[in-house]
Amino acid sequence: MQAAEFNPASQPTTPAVVRSNRRITPADTAEVRQIVLHVDAPASAFPAAHNVGVRVPGPHPFGNRAHHRYYTIADARACADGVELELLVRRCFYVDEVSGEEYPGIASNFLCDAAVGAAVTLTGPYPGAFRVPDNPYDNLLMLGTGTGIAPFRAFLRRIYEQHGEWHGKVRLYYGARHGTELLYMNELNDDLANYYDQATFRAIRALCASAFDDEADALRDGLRDHAAEVWDLICTPTTHVYLAGMRKIADAFEASMRELAGGEAQWRAIRRELVEQGRWSELTYI
């Protein structure tokens, strides 16, 4: 999901074709599209929750012949002639800090504008950042905003469908500007409802309190409203923490944790322990 240096000559590529491309958020909110790509390959070659690179042909600014960006596979379904990969793509724009001009994100706009039947060049797949713990009694604390929900969709499927019962607590905190931006918890696509009958699963959605707030502010408020449970999970030595979405989600989460820990030094020590023990996973982008 992060932009990366890319050498077309050194990376094997896979051709894909756009099967469907639809907007899943209303016109008055941020544009997020559900894009399904067909690949002539077995489904096992593209596991859900792994990442694929999308190569956008140039020329591009600064003389780059190709632009490359990673996206998490939200779902992978076998079909008669290959596999269909589902990506969640938010149309992005960036503001130049010097000129103040707004520029479209190269990869996101390329994908959002891709018509059915259009060719897309992929690289990978690459292993996902999130690993399912070996012990089904471990706790899982997931935090996401925006299209950061995509890796958790596949992650939950692996936990409950491939591993069977999961006995530890599974908590998903998700921040959004509006209810309609809760991509998998609204009338457009209610996938998370599939797991509500699991005794260990709970999804906590947090909406912005004012028009001036963003998804990270909503997530921060949601964490504050459930501070006791979140802090108890963080302090439990069998809890794994997973962050996904824009970089500001990690900033919002860490600000909340500093407050709960009683200061920067205290939280830094706890976070270092989580990282050293392999219980901290982060998939964030600018």
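Here are the numbers:
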quantity	calculated
Under the Karplus curve 6.51 cos²θ - 1.76 cosθ + 1.60, θ = phi - 60°, whole-Hz ³J(HN,Hα) for the range 103-111, x wherever Gly or Pro sits	10, x, x, 5, 6, 5, 6, 4, 6
Burial ranking of peptide ranges 66-79, 107-120, 31-44 (average Cβ count within 10 Å, highest at the top)	66-79, 31-44, 107-120
Once the Cα gyration tensor of the range 13-126 is diagonalised, semi-axes √(5λ) in Å	26, 17, 12
Förster radius 35 Å - calculated FRET efficiency between A118 and E161 (Cβ-Cβ, nearest 0.05)	0.65
Interchain or long-range residues, amide H under 5 Å from L283's placed H	L243, A244, G245
Gained length - Q266 relative to E31, 0.36 nm times residue gap less alpha-carbon distance	80.7 nm
Neighbour-count order for I106, I159, fewest beta carbons within 10 angstrom listed first	I106, I159
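Taken together, the values in this text are just the output of simple stated rules run on the coordinates, not laboratory data. Because the structure is a prediction, the values reported are computed rather than measured. In this analysis, Cβ positions are derived from the backbone assuming ideal geometry, glycine residues included, and neighbour counts consider all displayed protein chains.
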